[in-house]
Amino acid sequence: MKTKKIVALALLTCLGISSCSDDETTSTYSKREYVYCYFQAIQYAELINVMGNLGQYASIRKRVVDGVTKIQMTSQAGTTNYTADALTKDFGYGLGGLIVGTNNYGEPMCYDLACPICDRADKRLTLYSGGDGYARCSKCGVSFDMNNYGAIYQVPEGSNLTSPRGLYRYRIRYDGNIVNAYN
(Lines give C-alpha, C1' and ligand atoms only; values in the text may rest on other atoms or scores of the structure.)
Protein backbone atom coordinates (compact mmCIF):
# COMPACT_ATOMS: atom_id res chain seq x y z
CA MET A 1 0.00 0.00 0.00
CA LYS A 2 2.80 2.40 0.92
CA THR A 3 4.62 1.61 -2.35
CA LYS A 4 1.49 2.44 -4.38
CA LYS A 5 1.26 5.83 -2.65
CA ILE A 6 4.92 6.56 -3.38
CA VAL A 7 4.50 5.57 -7.05
CA ALA A 8 1.34 7.69 -7.33
CA LEU A 9 3.10 10.66 -5.70
CA ALA A 10 6.09 10.27 -8.04
CA LEU A 11 3.79 10.11 -11.07
CA LEU A 12 1.89 13.23 -9.99
CA THR A 13 5.18 15.06 -9.40
CA CYS A 14 6.40 14.17 -12.90
CA LEU A 15 3.12 15.33 -14.43
CA GLY A 16 3.32 18.59 -12.49
CA ILE A 17 6.86 19.26 -13.63
CA SER A 18 6.12 18.42 -17.26
CA SER A 19 3.11 20.77 -17.28
CA CYS A 20 5.47 23.66 -16.51
CA SER A 21 7.49 23.30 -19.70
CA ASP A 22 9.29 26.23 -21.27
CA ASP A 23 6.73 26.34 -24.08
CA GLU A 24 3.88 27.10 -21.70
CA THR A 25 5.68 29.61 -19.53
CA THR A 26 7.10 31.58 -22.45
CA SER A 27 3.98 31.47 -24.63
CA THR A 28 2.29 34.09 -22.42
CA TYR A 29 4.76 36.65 -23.68
CA SER A 30 5.32 37.67 -27.27
CA LYS A 31 8.67 37.58 -29.00
CA ARG A 32 7.15 38.85 -32.23
CA GLU A 33 8.80 42.28 -32.07
CA TYR A 34 11.85 43.55 -30.20
CA VAL A 35 10.94 45.25 -26.92
CA TYR A 36 13.40 46.74 -24.50
CA CYS A 37 13.03 50.04 -22.68
CA TYR A 38 13.24 51.44 -19.22
CA PHE A 39 12.11 54.78 -17.87
CA GLN A 40 12.33 56.48 -14.51
CA ALA A 41 8.61 56.85 -13.88
CA ILE A 42 9.00 60.05 -11.85
CA GLN A 43 10.30 61.85 -14.96
CA TYR A 44 7.14 61.12 -16.94
CA ALA A 45 3.76 62.28 -15.59
CA GLU A 46 1.91 59.69 -17.68
CA LEU A 47 3.93 56.79 -16.25
CA ILE A 48 3.85 57.83 -12.62
CA ASN A 49 0.05 58.23 -12.84
CA VAL A 50 -0.73 54.88 -14.48
CA MET A 51 1.77 52.77 -12.57
CA GLY A 52 0.36 54.00 -9.26
CA ASN A 53 -3.34 53.59 -10.11
CA LEU A 54 -5.09 50.27 -10.65
CA GLY A 55 -6.68 49.78 -14.06
CA GLN A 56 -4.88 52.73 -15.65
CA TYR A 57 -2.76 52.58 -18.83
CA ALA A 58 -0.60 54.80 -21.01
CA SER A 59 0.70 54.36 -24.54
CA ILE A 60 4.35 54.90 -25.46
CA ARG A 61 5.59 55.21 -29.01
CA LYS A 62 8.53 56.61 -30.90
CA ARG A 63 7.82 59.37 -33.42
CA VAL A 64 9.95 61.57 -35.62
CA VAL A 65 8.71 65.17 -35.62
CA ASP A 66 10.53 67.65 -37.90
CA GLY A 67 13.56 65.35 -38.00
CA VAL A 68 13.73 65.05 -34.20
CA THR A 69 13.02 61.72 -32.49
CA LYS A 70 10.37 62.05 -29.81
CA ILE A 71 8.89 59.63 -27.32
CA GLN A 72 5.15 60.22 -27.23
CA MET A 73 3.34 59.19 -24.05
CA THR A 74 -0.44 59.36 -23.84
CA SER A 75 -2.68 58.68 -20.85
CA GLN A 76 -6.01 60.04 -19.70
CA ALA A 77 -4.00 62.94 -18.25
CA GLY A 78 -3.00 63.97 -21.79
CA THR A 79 -0.26 63.55 -24.38
CA THR A 80 3.34 64.69 -24.09
CA ASN A 81 6.13 64.45 -26.66
CA TYR A 82 9.46 64.03 -24.88
CA THR A 83 12.68 64.58 -26.80
CA ALA A 84 14.48 61.26 -27.05
CA ASP A 85 18.03 61.11 -25.75
CA ALA A 86 20.70 58.79 -27.16
CA LEU A 87 19.44 55.94 -24.98
CA THR A 88 15.66 56.19 -25.43
CA LYS A 89 16.01 56.69 -29.18
CA ASP A 90 17.39 53.15 -29.54
CA PHE A 91 14.86 51.38 -27.32
CA GLY A 92 12.64 48.71 -28.89
CA TYR A 93 8.98 49.68 -28.79
CA GLY A 94 7.35 46.60 -30.35
CA LEU A 95 5.26 46.64 -33.51
CA GLY A 96 3.11 49.74 -32.95
CA GLY A 97 4.38 51.07 -29.64
CA LEU A 98 3.64 49.96 -26.09
CA ILE A 99 0.80 50.11 -23.62
CA VAL A 100 1.94 50.05 -19.98
CA GLY A 101 0.05 50.27 -16.73
CA THR A 102 -1.20 48.39 -13.71
CA ASN A 103 -4.16 46.03 -13.94
CA ASN A 104 -6.95 45.83 -11.36
CA TYR A 105 -5.00 43.12 -9.52
CA GLY A 106 -2.02 45.44 -8.96
CA GLU A 107 0.22 43.72 -11.54
CA PRO A 108 2.30 45.84 -13.93
CA MET A 109 1.31 45.03 -17.51
CA CYS A 110 2.77 45.73 -20.95
CA TYR A 111 1.11 45.14 -24.33
CA ASP A 112 1.83 46.06 -27.94
CA LEU A 113 -0.05 49.13 -29.14
CA ALA A 114 -0.68 47.50 -32.54
CA CYS A 115 -3.92 45.58 -33.00
CA PRO A 116 -3.13 41.83 -33.04
CA ILE A 117 -6.10 41.17 -35.33
CA CYS A 118 -5.00 43.65 -38.02
CA ASP A 119 -1.36 42.80 -37.24
CA ARG A 120 0.12 45.99 -38.72
CA ALA A 121 2.24 48.71 -37.12
CA ASP A 122 -0.02 51.46 -38.47
CA LYS A 123 -3.20 49.92 -36.97
CA ARG A 124 -2.78 51.13 -33.41
CA LEU A 125 -5.25 50.73 -30.61
CA THR A 126 -6.99 53.64 -28.95
CA LEU A 127 -7.21 53.54 -25.16
CA TYR A 128 -10.69 54.35 -23.91
CA SER A 129 -10.71 57.89 -22.58
CA GLY A 130 -12.37 56.89 -19.30
CA GLY A 131 -9.24 55.05 -18.19
CA ASP A 132 -11.23 51.87 -17.67
CA GLY A 133 -8.62 49.44 -19.01
CA TYR A 134 -10.03 48.87 -22.49
CA ALA A 135 -8.47 49.49 -25.89
CA ARG A 136 -10.15 49.42 -29.31
CA CYS A 137 -8.95 49.15 -32.90
CA SER A 138 -10.55 51.74 -35.17
CA LYS A 139 -10.04 49.53 -38.25
CA CYS A 140 -11.52 46.15 -37.19
CA GLY A 141 -13.50 47.44 -34.18
CA VAL A 142 -12.34 44.73 -31.78
CA SER A 143 -11.96 45.82 -28.13
CA PHE A 144 -9.52 44.32 -25.65
CA ASP A 145 -9.61 44.13 -21.85
CA MET A 146 -6.17 45.04 -20.51
CA ASN A 147 -7.28 44.26 -16.94
CA ASN A 148 -7.96 40.69 -18.11
CA TYR A 149 -4.47 40.12 -19.55
CA GLY A 150 -5.32 41.55 -22.99
CA ALA A 151 -8.19 39.19 -23.79
CA ILE A 152 -10.72 40.09 -26.47
CA TYR A 153 -13.54 41.98 -24.79
CA GLN A 154 -15.93 42.79 -27.61
CA VAL A 155 -16.19 41.95 -31.31
CA PRO A 156 -18.40 44.02 -33.62
CA GLU A 157 -21.52 42.23 -34.81
CA GLY A 158 -20.98 40.51 -38.15
CA SER A 159 -17.20 40.56 -37.79
CA ASN A 160 -15.34 37.50 -39.02
CA LEU A 161 -12.14 37.22 -37.01
CA THR A 162 -9.47 35.30 -38.88
CA SER A 163 -7.13 35.42 -35.88
CA PRO A 164 -9.08 35.62 -32.60
CA ARG A 165 -6.17 36.33 -30.29
CA GLY A 166 -5.61 38.72 -27.43
CA LEU A 167 -3.05 41.49 -27.25
CA TYR A 168 0.65 40.80 -27.74
CA ARG A 169 2.00 40.87 -24.18
CA TYR A 170 5.54 41.67 -23.03
CA ARG A 171 7.35 41.25 -19.75
CA ILE A 172 7.50 44.27 -17.48
CA ARG A 173 9.09 45.13 -14.16
CA TYR A 174 8.17 48.05 -11.97
CA ASP A 175 9.92 48.65 -8.68
CA GLY A 176 8.19 51.89 -7.70
CA ASN A 177 10.69 53.93 -9.71
CA ILE A 178 11.85 52.19 -12.89
CA VAL A 179 9.46 50.90 -15.58
CA ASN A 180 11.30 48.22 -17.56
CA ALA A 181 9.55 46.46 -20.48
CA TYR A 182 11.33 43.68 -22.38
CA ASN A 183 11.05 40.33 -24.13
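The values are calculated or read from the model by the stated rules, or taken from the named source; none is laboratory data. Model, not experiment: these values are computed from the prediction. Neighbour counts run over all protein chains shown; Cβ positions are idealised from the backbone, glycine included. Surface accessibility is based on the protein's heavy atoms, side chains included, excluding ligands, DNA and RNA. Shrake-Rupley method; radii C 1.70, N 1.55, O 1.52, S 1.80 Å.
Extending 7 Å from Cα along the Cβ direction at TYR149 and again at ARG171 yields two label points whose distance is 1.7 nm. Using alpha carbon centroids, what distance separates the stretch 47-78 and the stretch 99-177, in Å? Answer, in whole Å: 15.
Distance between the 7 Å Cα→Cβ label points at ALA45 and THR162: 4.2 nm. Residues ASP145, ASP112, ordered by accessible area of protein heavy atoms at a 1.4 angstrom probe radius and largest first, appear as ASP145, ASP112.
In the structure shown, the pairs LYS70/LYS139; LYS89/LYS139; LYS62/LYS139 are assessed against 23 Å; a Cα-Cα span above that value is assigned to LYS70/LYS139; LYS89/LYS139.
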